[in-house]
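Asks: Structure provided below as structure tokens; questions to follow.
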Amino acid sequence: AGAVTNCTNSAAITYTTTDTAVGKNTYLGGIVGDIESVASDVAYCSNNGAISFINNGTTEVFGGVGGVVGNYYIGNTHMTDCVNEGALTLSGALKNESCIGGLAATNINSFVGCKSLGSITLNNTGSSTAIISAIGGRLNNTACTWNGLEINCAVNYNEGNNVFGLLQGDTWLSTKYAT
């Protein structure tokens, strides 16, 4: 197991795409975009920069945006005392289950002492379902826990096939639970 600790980002991160990106999964995070091989906990990290994923095309593409972490492919991960103050945006024609979360887009097992303070905006112009949450967009298929969180952010999303949840928007298996 690894760890990402005491990191800060203040730079804006913007990813703009068109129809040519169909089939790709793109994750953006203020500190970590995508971790796929080693379970790495994230602690004492903060993001102040705006993070934007924008699809200017008409074909649906997959996007994931997290204030601190975009995606963990590996389970059993934890986020401790992290803060997002940057504005987050996920917009355009989005593939099913594209997601945005104030702290993480996907796959964190626990959040302890974290703060989601930046505005979060989902503008899905596609016909598929996208997911938005003040903490974690789509969380993994094991139990998830939250402890000592602060949520003080605007969460904006358009009408349509979008799923919203305060702590998490969706989970992969309905038989799992949150505490």
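Asks: What shape does region 117-156 take by its C-alpha gyration tensor, where a ≥ b ≥ c are the square roots of the eigenvalues and a/c under 1.5 counts as rounded, a/b above b/c as prolate, and the rest as oblate?
Replies: oblate
Asks: Taking 0.36 nm per intervening residue step and subtracting the Cα-Cα distance, what contour gain separates Asn152 from Asn6 on full extension?
Replies: 50.3 nm
Asks: What nm value, rounded to one decimal, do you get for the distance between Tyr44 and Val112 when each label is placed 7 Å out toward the C-beta?
Replies: About 1.4 nm separates the two model spin labels.
Asks: Tally Lys/Arg at +1 and Asp/Glu at -1 over every other residue whose Cβ is under 13 Å from the Cβ of Tyr15; what's the total?
Replies: Numbers: positive: Lys24; negative: Asp34.
Net local charge, Tyr15 excluded: 0.
Asks: Still on this structure, please answer the following. Between rounded, prolate and oblate, where does region 1-76 land on the alpha carbon gyration tensor, with a ≥ b ≥ c its root eigenvalues, rounded for a/c under 1.5, else prolate if a/b exceeds b/c?
Replies: oblate
Asks: Moving on. For Thr125, Thr17, give me the order by solvent-accessible area with a 1.4 Å probe, most accessible first, ignoring ligands, DNA and RNA.
Replies: Thr125, Thr17
Asks: At 0.36 nm per residue, and after removing the present C-alpha to C-alpha distance, how many nm does the segment from Thr145 to Asp81 gain when stretched out fully?
Replies: Fully extending the segment from Thr145 to Asp81 adds 21.6 nm.
Asks: Modelled label-to-label distance, Ser128 and Asn25, 7 Å Cα→beta-carbon offset: nm?
Replies: 1.2
Asks: A further question follows. Please give the per residue accessible area of the chain, computed with a probe of 1.4 Å over protein heavy atoms only, in Å².
Replies: Dividing the accessible area of the chain by its residue count gives 42 Å².
The values are calculated or read from the model by the stated rules, or taken from the named source; none is laboratory data. These figures come from a predicted structure and were not determined experimentally. Note: ideal-geometry Cβ built from the backbone for every residue, glycine included; neighbour counts use all protein chains shown. In case anyone asks, the SASA skips ligands and DNA or RNA and just uses the protein heavy atoms, side chains included. Shrake-Rupley method; radii C 1.70, N 1.55, O 1.52, S 1.80 Å.
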